Amino acid sequence: SDLNQFMPFSVIIWDPSIGIDLGFFTIRYYSLMYLIAFSLGWYIMKYIFKKEGVKLEKLDALFIYMILGTLIGARLGHVIFYQPELFKEDFFSVFLPMQFVPTIKFTGFQGLASHGAAIGILIAMYLYSKKKLHKPMLWIMDRIVIPVASGGVFIRLGNFINSEIVGKPSDAPWAVKFVQQSAGYGPVVPRHPAQLYEAFGYVLVFVILWYSYTRTQKRNQRGFIFGLFLILLFLVRFIIEFFKEAQVEERGDWLLNTGQLLSIPFILVGIYLMFHSYKKFNPQKA
């Protein structure tokens, strides 16, 4: 169909403000989504720590490790996987919320990859489990992935607000015109709201993980919930990639795009963890 021939009532026009203007400072909605994600995650882990008799003072350290692991991993993951030229063209923008070339300006933290965040969280939780928690790494991973799944919902809502990671052109009645989309995505035409598809998928992942933790004994099968998370979350990511525009233009004609190729190893690790979790099962705790 001709994507330029739409009736006005059949297209959602998306042209939001960038944030809440306080006069002297603007609170960006994307940053606000991250704040909500981390705050909700803190309350979820507080519930889990209380339920399992873990001292709550260990929660503050967990929060710091998670923030650093998520943001550093997500940023480096984006640059390495999608925009490696930044290391040469604007090196300091890789690590700071600033653009230095061609002009200096504050940009906020933009360009964050979920696969990089996953790697960053793994490293952070390894260090946290050894230095602060003094429990096996899989113990904390089986629990931290629950708030991670809920946080993914808000991050994708932030992407939708920012008109980034847009979907492919579509003639669906719920297609969205992202007025503020980057010029790199081409003409402004109705597109799949792929960010909302993915956010909804993460809601389902969170519900399944929460049920597995609170209503079953799977939390005592070390590695099971973590493995389930890897399979479900990256399967959602793999499927939604079919509706997204390629984030790296020259890879748009690949059979599988970068996001899908990076998802496959995580899914395979998840399958391995689930099938081997019975070896860690302690029936005395069931």
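The values are calculated or read from the model by the stated rules, or taken from the named source; none is laboratory data. Quantities reported herein were computed from a predicted structural model and do not represent experimental measurements. As a convention, Cβ positions derive from the backbone with ideal geometry for all residues, glycine included, and neighbour counts pool all protein chains shown. Accessible surface areas use protein heavy atoms only, side chains included; no ligands, DNA or RNA. Shrake-Rupley method; radii C 1.70, N 1.55, O 1.52, S 1.80 Å.
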Segment 40-60 - residue that is open to solvent by less than 50 Å² (accessible area, probe 1.4 Å) and under 21 Å from the mean Cα position of the chain (by Cα) and, of those, nearest to K131 (Cα to Cα): M45
Enumeration of residues in segment 207-242 that are under 28 Å from I165 (Cβ atoms), open to solvent by 50 Å² or more (accessible area, probe 1.4 Å) and at pLDDT below 95: F242
Looking only at segment 70-98, and only at residues there that are open to solvent by 30 Å² or more (accessible area, probe 1.4 Å), touching a Phe, Trp or Tyr at 6+ places or on another chain (Cβ under 7 Å) and of a type in the set (A, V, I, L, M), the one that is modelled with the lowest pLDDT: M98
Subset of segment 176-190 (residues that are in a loop (DSSP other than H, G, I, E, B) and within 21 Å of G259 (Cβ to Cβ)): Q181, S182, G186
Residues being open to solvent by 30 Å² or more (accessible area, probe 1.4 Å) and either at pLDDT 90 or above or not aromatic (F, W, Y) (or both) - total across segment 252-265: 8
Contacts under 9 angstrom Cβ, first residue in segment 195-207 being in a helix (DSSP H, G or I), partner acidic (D, E), 6 or more apart: Q195/E164
G186 being among the small types (G, A, S) and surrounded by 24 or more Cβ atoms within 10 Å (Cβ to Cβ): no
